[in-house]
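Only one structure is covered here, and it is reproduced in the block below.
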Protein chains: 2
Amino acid sequence: MLERCMGTQRVRQIQRAIHQSKVTFLCLFLTVVVLRGTIGAGKFGTPEQDFNDIREHFYAHRKRVEPHRVLEEVQTTTSTNGDTSNEDSNKNTNNYEQFDVSKLFVDEGVQEKPDPNKPYSLGPKISDWDQQRAEWLKNNPNFPNFLGPNKPRVLLVTGSAPKPCDNPVGDHYLLKSIKNKIDYCRLHGIEIFYNMALLDAEMAGFWAKLPLIRKMLLSHPEIEFLWWMDSDAMFTDMAFEIPWERYKDHNLVMHGWNEMIYDEKNWIGLNTGSFLLRNGQWALDLLDAWAPMGPKGKIRDEAGKILTRELKGRPVFEADDQSAMVYLLVTQRDKWGEKVYLENHYYLHGYWGILVDRYEEMIENYHPGLGDHRWPLVTHFVGCKPCGKFGDYPVERCLRQMDRAFNFGDNQILNMYGFTHRSLGSKKVKRVRNETSTPLEVKDELGLLHPAFKAVKVSASL
Amino acid sequence: MLERCMGTQRVRQIQRAIHQSKVTFLCLFLTVVVLRGTIGAGKFGTPEQDFNDIREHFYAHRKRVEPHRVLEEVQTTTSTNGDTSNEDSNKNTNNYEQFDVSKLFVDEGVQEKPDPNKPYSLGPKISDWDQQRAEWLKNNPNFPNFLGPNKPRVLLVTGSAPKPCDNPVGDHYLLKSIKNKIDYCRLHGIEIFYNMALLDAEMAGFWAKLPLIRKMLLSHPEIEFLWWMDSDAMFTDMAFEIPWERYKDHNLVMHGWNEMIYDEKNWIGLNTGSFLLRNGQWALDLLDAWAPMGPKGKIRDEAGKILTRELKGRPVFEADDQSAMVYLLVTQRDKWGEKVYLENHYYLHGYWGILVDRYEEMIENYHPGLGDHRWPLVTHFVGCKPCGKFGDYPVERCLRQMDRAFNFGDNQILNMYGFTHRSLGSKKVKRVRNETSTPLEVKDELGLLHPAFKAVKVSASL
């Protein structure tokens with residue numbers, strides 16, 4: 001959300017008709033191609049909708065074309081997961097230039113040049129973090145990085161700007177959003193760090209998360225996974241536990257599709273609004289490789305032009321962290337790809353546009369714990385910008401749907417205590433289970449009062 | 001905060017001169033008396049200021065007399081702690097009527113009478129909660145009520161109304177307040193429940209906490225202590241750990257003074273904006289005894305009159321939970337007093353009016369971890385009501401001081417990571433410790449990165 005509140009640039013007019021037909025053709029082609037692929041674990045996932053339906057929804061409901069976080073949801077009818085092989089790496093790497101800041105200014109005679117003696121850096125180079133961390137963990141058994149088998153210690157990091165929102169009601173939604181995260185994290189034994197400080201003025205906006213993430217990883221070696229989550233993303237499945245063991249050989253998990261990244265170079269082929277990053281040397285190196293497009297001003301502007309040119313569907317605006325991640329994976333797949341898991345079997349990030357109108361249908365047909373299109377783990381209000389002045393969608397639509405998403409998730413909490421919202425649009429709650437003199441004999445439907453994934457065995461005293 | 005945003009009534013003019021001289025005389029008398037008493041553990045506490053100074057400060061700075069949460073801080077120059085003997089119980093109990101709802105209407109011929117068949121109840125009577133709970137804990141060793149010796153499992157409960165604040169900036173302060181609580185609780189291994197639902201329409205406003213607290217205790221037998229905290233209270237000592245062992249024989253801990261309650265019946269002799277309640281039968285019984293003055297309408301109004309009549313210094317307005325608690329302790333000391341600890345050796349609740357102008361002095365002379373007047377655990381902005389339309393103090397004074405209190409606490413968090421606010425009034429942060437390639441060799445000043453009170457030994461796998 002921080003990124004949306006700061007530093008917005010105006011976009012040029014996109015030639016919609018040409019653009020739309022290009023993408024439509026390409027995606028229809030891809031649909032045929034991937035239909036021949038293997039369907040990953042589980043019949044269901046997130047890519048259930050026809051891409052055209054999504055595109056149609058997107059253009060029908062968006063107010064105007066606004067680049068920041070305008071994330072049309074790219075869907076394919078099937079997904080292929082876990083295809084992290086290197087067979088395509090050679091094909092792609094040589095076609096795209098590696099981003100080199102020093103080359104930005106050579107031919108342009110631009111006066112403003114970064115000091116070659118002081119390129120941007122997130123911090124002093126560390127090359128032995130795995131060893132430093134392992135040593136510390138060994139010496140600090142009271143701060144283990146695993147709370148149980150398949151239960152890593154996780155820190156969820158989120159935040160917002162330190163000043164009141166431009167839109168008065170924006171802070172109210174930030175408040176509801178953090179309550180929502182508090183609820184999910186309490187149930188799942190996850191700690192939260194809510195940031196309201198800009199640690200590095202050069203990396204303002206959506207890039208602010210990079211210095212923050214690095215700081216958290218290095219300060220807390222006991223953290224096994226850092227979960228970054230935007231302030232405009234809400235938990236809508238309180239019962240879904242991340243399948244941590246699925247990622248035992250990976251260090252970065254984002255919602256996305258391999259094909260959309262490596263084949264299509266689509267700027268929204270993945271989402272950096274909600275991702276998991278394993279603490280370790282690999283993470284530090286990734287952050288260092290990710291950061292160069294971030295410093296605001298000339299660097300970020302010029303990097304934005306490269307990203308627009310190289311990535312499919314990307315409008316013109318300054319470099320954002322998500323596009324930069326796509327570019328990084330595309331240009332350096334052989335270096336990073338193997339440890340990056342693009343997950344689409346559940347909504348680690350779920351584009352709100354195609355989810356919020358289906359909540360009643362979900363309640364009718366499904367139940368919490370699925371995490372996917374039937375009951376999304378996360379509903380992410382990309383483009384809504386309730387804190388800022390200008391969003392990509394009509395304000396009322398956004399706010400109303402954010403209320404519904406909040407209540408959809410909140411009902412799962414209230415249900416534990418015998419209550420529910422009168423409707424998804426109502427702040428009022430009603431009782432659905434009577435009080436009893438033997439409260440411990442009553443099991444809450446979802447078993448969330450004392451869920452297995454929260455139980456921890458405490459041995460001896462401290 | 002909820003209570004301050006809802007249901008405010010206008011107060012009559014208090015005869016200040018007479019009232020002030022009465023209280024001044026009584027407190028001077030008490031000062032002489034208690035000076036002969038034993039000073040409790042530790043030389044410092046919270047009652048350091050001359051009562052007259054406080055009273056003077058109070059009337060000089062308050063906008064107008066407003067009853068809700070107008071808490072002039074009653075201070076004595078010494079404190080006596082732990083005096084929970086029953087020697088005075090007989091003296092007081094017979095002088096005050098027990099609150100009986102059915103008597104409210106007998107002589108008044110009021111049409112609106114509560115149905116004698118349906119008196120207000122928080123829920124079905126439970127008489128064996130200790131046994132039910134003990135059984136459950138035995139059968140659920142993975143959800144222990146103690147995380148270590150002297151480390152009970154604690155749930156901090158707070159909340160606010162489900163609608164946006166009347167004052168647009170109010171939600172921004174609710175957001176900062178919950179971030180503040182998230183930080184303290186993360187450091188101290190405490191879980192948070194942020195409530196935004198009105199569970200019982202009869203118990204709206206400040207009384208809403210009672211049904212909520214009961215629900216939390218009964219739903220979570222693993223909770224040993226429930227810590228209620230108002231939304232306008234902030235943590236200003238991130239290093240202070242509650243001295244849990246001090247309360248091993250007590251079930252309710254509130255900031256207050258025995259003399260102010262049992263001798264003076266002062267309506268602000270204790271504070272219910274931040275208190276600790278031990279889970280158990282005693283707590284359920286207390287809630288049942290506390291609740292009768294709460295139901296809104298005739299009952300609450302009439303109860304308010306009784307409270308104003310019986311308690312010293314109380315203005316005229318409907319019954320509030322704090323006054324009701326004072327009345328309960330005064331009229332039924334023999335039943336409850338022994339298990340109630342009125343704590344004043346640190347600021348479990350700290351009236352903001354006498355603290356916020358001293359922050360720079362504190363930084364100059366003291367350090368976190370003291371929790372008392374030198375470095376208050378909690379700064380509580382009673383009467384400010386940033387969410388509502390009308391507060392008891394000038395809005396700018398309140399908001400500016402809330403910013404300072406927030407930054408005062410936030411600096412202790414930022415310091416862990418090598419940053420601090422540029423000043424107590426500034427949102428911007430600056431670096432105070434350089435990055436290093438060996439971050440784990442650097443100890444944060446306060447040792448809060450990995451504090452002892454957070455370390456938990458995890459034995460075998462689940």
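Just the residues that are more than 8 Å from chain B (Cβ to nearest Cβ) and among the aliphatic types (A, V, I, L, M), please, taken from segment A:125-145. A:Ala134, A:Leu137, listed by residue number.
In segment B:355-372, is there at least one residue being of a type in the set (S, T, N, Q) and without any contact (Cβ under 8 Å) to a residue 60 or more places away in the chain? Don't jump to the end; show me each part of the working.
First, pick out the residues of segment B:355-372 that are of a type in the set (S, T, N, Q): B:365.
Next cut, without any contact (Cβ under 8 Å) to a residue 60 or more places away in the chain only: B:365.
Looking for residues that are of a type in the set (S, T, N, Q) and without any contact (Cβ under 8 Å) to a residue 60 or more places away in the chain, one finds at least one in segment B:355-372, hence yes.
Does A:Thr379 count as over 22 Å from the mean Cα position of the chain (by Cα) and polar (S, T, N, Q)?
no
Of everything in segment A:117-138 that is of a type in the set (Phe, Trp, Tyr) and at pLDDT 95 or above, the residue that is surrounded by the most Cβ atoms within 10 Å (Cβ to Cβ) is A:Trp129.
Let me confirm something: among A:Asn167, A:Asn142, which residue is of a type in the set (S, T, N, Q), outside any helix (DSSP H, G or I) and more than 26 Å from B:Pro439 (Cβ to Cβ)? If you could, list the steps in order and put the result at the bottom.
Working: A:Asn142 fails: more than 26 Å from B:Pro439 (Cβ to Cβ).
None of the other options fit; the residue is A:Asn167.
Of the residues making up segment B:195-215, those that are at the interface with chain A (Cβ under 8 Å from one of its Cβ atoms) and aliphatic (A, V, I, L, M) are B:Met196, B:Ala197, B:Leu198, B:Leu199. Looking only at segment A:431-447, decide whether some residue is of a type in the set (D, E, K, R) and within 23 Å of the chain's Cα centre (by Cα). Checking segment A:431-447: not a single residue is of a type in the set (D, E, K, R) and within 23 Å of the chain's Cα centre (by Cα). Taking the conditions exactly as written (within 30 Å of A:Leu174 (Cα to Cα), touching a residue at least 40 places away in the same chain (Cβ under 8 Å) and facing chain A (nearest Cβ under 9 Å)), does B:Gly148 satisfy them or not? No; evaluated as a whole, the condition is false for this residue. Of the residues making up segment A:166-181, just one is surrounded by 24 or more Cβ atoms within 10 Å (Cβ to Cβ), more than 7 Å from chain B (Cβ to nearest Cβ) and within 19 Å of B:Asp403 (Cβ to Cβ), namely A:Gly170. Of all residues in segment B:119-131, at least one satisfies being farther than 30 Å from A:Cys387 by Cβ, touching a residue at least 60 places away in the same chain (Cβ under 8 Å) and aromatic (Phe, Trp, Tyr).
So which of B:Asp392, B:Asp410 ends up being facing chain A (nearest Cβ under 10 Å), surrounded by 16 or more Cβ atoms within 10 Å (Cβ to Cβ) and among the acidic types (Asp, Glu)? Break it down stepwise before answering.
Numbers: B:Asp392 fails: facing chain A (nearest Cβ under 10 Å).
Just a single option satisfies the conditions, and that option is B:Asp410.
The values are calculated or read from the model by the stated rules, or taken from the named source; none is laboratory data. Quantities reported herein were computed from a predicted structural model and do not represent experimental measurements. Here Cβ is always computed from backbone atoms with ideal geometry, including for glycine, and neighbour counts include all displayed protein chains.
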